[in-house]
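Chemist: A single structure is presented below for examination.
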Amino acid sequence: MINRNARTFLKTYVRSPSITGAIAPSSRGLARALTAPLREYRTPARVLEVGAGTGAVTRVIGECLGSEDRLDVCEIQTELADILDAGVLAEGALAGARDDGRVRLIRSPVQDIEADNTYDFVISGLPFTAFQLEDAREILNVIRASLKPEGVFSYFEYIALRYFSRTFGFKATRQRVKAVSSLMDELILTHQIGRQAVLFNIPPAYARHLVFSGSEC
Ligand SMILES: C[S@@+](CC[C@H](N)C(=O)[O-])C[C@H]1O[C@@H](n2cnc3c(N)ncnc32)[C@H](O)[C@@H]1O
């Protein structure tokens, strides 16, 4: 039996697959893998979550936040932002932090975020493989600019999805995924500081952690 959030998530995928990019919210295991660097951090943290969906990762970020940490949660789709607003952001410690002004919901595309070296962590659920190359590049540049120099960018990708889309998709899809894939591979090669395979997720995924060092994507 799937719950209401999962049904809404699936509905947004059927309506806009290239924006939602997944058929189901992330598992708790994947959320924990994405938040591993945040859990090791000690001083007050500024955190940006992009592509929060129904809040599966937001909930786990909330469990990691200390009393002086701040969290901005960004989600482009109104229906999903409404679920965040009335759900995970209205419950428990996150609700209290929101009342204190330490948690904010940003109902707009990540491309609109103007943040200059602000965040210690950007945690992403964005479906880069579903994006056009130029969109992926623009978003990655916004994320890079929003991070402090030693800030960590954590994101996930489904294991072998890029390979299958590059090999078995329609020609236009193959070309698009190949181009985005080259961009991601270059970033991984230059900036990756850690990777964890999470098998208990639909589908299994890698959580990747990157630290940028100046250059544009
Ligand atoms: C694969 S889902 C991940 C949802 C959630 N983080 C999770 O792990 O279950 C991707 C999410 O990114 C959002 N998204 C896509 N493009 C976006 C953009 N440009 N700015 C902000 N959010 C975006 C989608 O609406 C969707 O909720």
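Chemist: List every residue pair whose Cβ atoms lie under 6 Å apart, where the two residues are 6 or more positions apart in sequence or sit on different chains, the first residue falls within segment 50-76 and is part of a strand (DSSP E or B), and the second residue, located anywhere, is away from the ligand (no atom under 13 Å from the Cβ).
Modeler: Listed by first residue and then by second, the contacts come to Arg70/Arg46; Arg70/Arg102; Leu71/Val47; Leu71/Val103; Asp72/Arg104.
Chemist: Just give me the residues in segment 175-192 being more than 12 Å from Leu133 (Cα to Cα) and either assigned to a helix (DSSP H, G or I) or among the acidic types (Asp, Glu) (or both), in sequence order. Walk me through how you get there before you give the answer.
Modeler: Our first condition is that a residue be more than 12 Å from Leu133 (Cα to Cα); within segment 175-192, this holds for 185-192.
Result: Asp185, Glu186, Leu187, Ile188, Leu189, Thr190, His191.
Chemist: Which pairs turn up if I take residues in segment 102-123 that are among the hydroxyl-bearing types (Ser, Thr, Tyr) and look for partners that are within 8 Å of the ligand (Cβ to nearest atom) and outside any loop (DSSP other than H, G, I, E, B) with beta carbon separation below 9 Å, at least 6 apart in sequence or on another chain?
Modeler: What qualifies is Ser108/Cys74.
Chemist: Scan segment 27-62 for residues that are near the ligand (Cβ under 6 Å from one of its atoms) and surrounded by fewer than 24 Cβ atoms within 10 Å (Cβ to Cβ) and jot them down. Walk me through how you get there before you give the answer.
Modeler: First, pick out the residues of segment 27-62 that are near the ligand (Cβ under 6 Å from one of its atoms): 50-53, 56-57.
Selection gives Ala56 alone.
Chemist: For segment 90-149, name all the residues that are under 19 Å from Pro37 (Cβ atoms), part of a helix (DSSP H, G or I) and within 9 Å of the ligand (Cβ to nearest atom).
Modeler: The answer is none; no residue qualifies.
Chemist: Right, here's the next one. Do we find that Ser165 is loosely packed, with under 12 Cβ neighbours inside 10 Å, in contact (Cβ under 8 Å) with a residue 12 or more places away in the chain and over 20 Å from Pro25 (Cα atoms) in this structure?
Modeler: Details: loosely packed, with under 12 Cβ neighbours inside 10 Å: no; in contact (Cβ under 8 Å) with a residue 12 or more places away in the chain: yes; over 20 Å from Pro25 (Cα atoms): yes.
In short, no.
Chemist: Within segment 1-30, count every residue that is over 19 Å from Ile193 (Cβ atoms) and outside any loop (DSSP other than H, G, I, E, B).
Modeler: Keep residues of segment 1-30 that are over 19 Å from Ile193 (Cβ atoms), which gives 1-29.
Next, only the ones that are outside any loop (DSSP other than H, G, I, E, B) stay: 4-15, 17-20, 28-29.
Looking only at that region, the number is 18.
Where a number appears in this text, it was derived from the coordinates with a stated rule and is not lab data. Please read all numbers here as calculations on a predicted model, not as lab measurements. Note that each Cβ is placed from the backbone with ideal geometry, even for glycine, and that neighbours are counted across all protein chains shown.
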